[in-house]
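Read through the structure below, which is laid out as structure tokens, and then see the notes.
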Amino acid sequence: MLKNVEINVVTSNEHKFTELSTIAEKFGIKLKWIKLPKFEIQSDSLEEIVRVSTIYAYNMIKEPLIMEDSGLFIEALNNFPGPYTNYVRRTLGLEGILKLMEGVENRRAYFMTSLCYVDEKTVKVFNGKVYGKISHLIRGEKGFGFDPIFIPEGEERTFAEMETEEKNKYSHRARAFTEFAKFFLTYIS
């Protein structure tokens, strides 16, 4: 495995950058944080959103980079909020999602991350999913987004009740980044 490899990551979310950096360290990859406003199209596809956003950012900085977009998909709500997760978190919040889930027995959900790599020769998207369920209560102080109401399969705790290292054992973001790292370390060697 190559060591001290660096790649740009474009995000305005410090929590995402920190989480990705922790994952990247395991592969000997150092992330360089590029804070740019995210250009985001409206689409029902995380892959399409992140592909267009990453190409746009690449055209601004002209350096290889990665970006990611994640969504929470709740089965009983026809996979809502999906790619609109950030907007729903800001407007309805955790309480709003729990209100929508009142009296609903089917609490199955999944988080999905689409991570895109772009350089002068290639555009490639990597996906990661983690299945679980929506809790009945907001639980935990750690994490961000919908972490306080998502319980991954095989756990009783929400993502927000876990330390970053624990969360990364299950994390959709960790799974997508792992697929990227396998590609990237071979691609640059």
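Residues checked against (1) in contact (Cβ under 8 Å) with a residue 40 or more places away in the chain; (2) of a type in the set (A, V, I, L, M):
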site	(1), (2)
ILE29	yes, yes
ILE34	no, yes
PRO37	no, no
SER53	yes, no
TYR84	no, no
ARG90	no, no
LEU98	yes, yes
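Quick check: is even one residue across the stretch 92-104 surrounded by 14 or more Cβ atoms within 10 Å (Cβ to Cβ) and basic (Lys, Arg)? No; the residues of the stretch 92-104 include none that is surrounded by 14 or more Cβ atoms within 10 Å (Cβ to Cβ) and basic (Lys, Arg).
Scan the stretch 23-39 for residues that are surrounded by fewer than 17 Cβ atoms within 10 Å (Cβ to Cβ) and either over 16 Å from the mean Cα position of the chain (by Cα) or part of a helix (DSSP H, G or I) (or both) and jot them down.
Listed by number, the residues that qualify are GLU25, LYS26, GLY28, LYS30, LYS32, LYS35, LEU36, PRO37, PHE39.
Of these, SER43, SER70, which one is surrounded by fewer than 18 Cβ atoms within 10 Å (Cβ to Cβ) and either outside any helix (DSSP H, G or I) or of a type outside the set (Asp, Glu) (or both)? Lay out the reasoning, then the answer.
Details: SER70 fails: surrounded by fewer than 18 Cβ atoms within 10 Å (Cβ to Cβ).
Just a single option satisfies the conditions, and that option is SER43.
Number of residues in the stretch 97-143 that are of a type in the set (Lys, Arg), closer than 21 Å to LYS16 by Cβ and assigned to a strand (DSSP E or B): the value is 2. Filtering ASN79, ASN8, ASN59 for residues that are closer than 27 Å to THR186 by Cα, more than 13 Å from the chain's Cα centre (by Cα) and free of Cβ contacts under 8 Å to residues at least 12 places away in the same chain leaves a single hit, ASN59.
Among the residues of the stretch 135-187, those that are of a type in the set (A, V, I, L, M) and in contact (Cβ under 8 Å) with a residue 40 or more places away in the chain comprise ILE138, ILE149, ALA174, ALA176, ALA181, LEU185. Going by the conditions given, is VAL118 at pLDDT 95 or above, in contact with a helix residue (DSSP H, G or I) (Cβ under 7 Å, 6 or more places away or on another chain) and over 21 Å from HIS172 (Cβ atoms)? For VAL118, the condition - at pLDDT 95 or above, in contact with a helix residue (DSSP H, G or I) (Cβ under 7 Å, 6 or more places away or on another chain) and over 21 Å from HIS172 (Cβ atoms) - is not met.
The values are calculated or read from the model by the stated rules, or taken from the named source; none is laboratory data. Here the structure is a predicted model, which means the values were calculated and not measured. Reconstructed Cβ throughout: ideal geometry from the backbone, glycine too, with neighbour counts over all protein chains shown.
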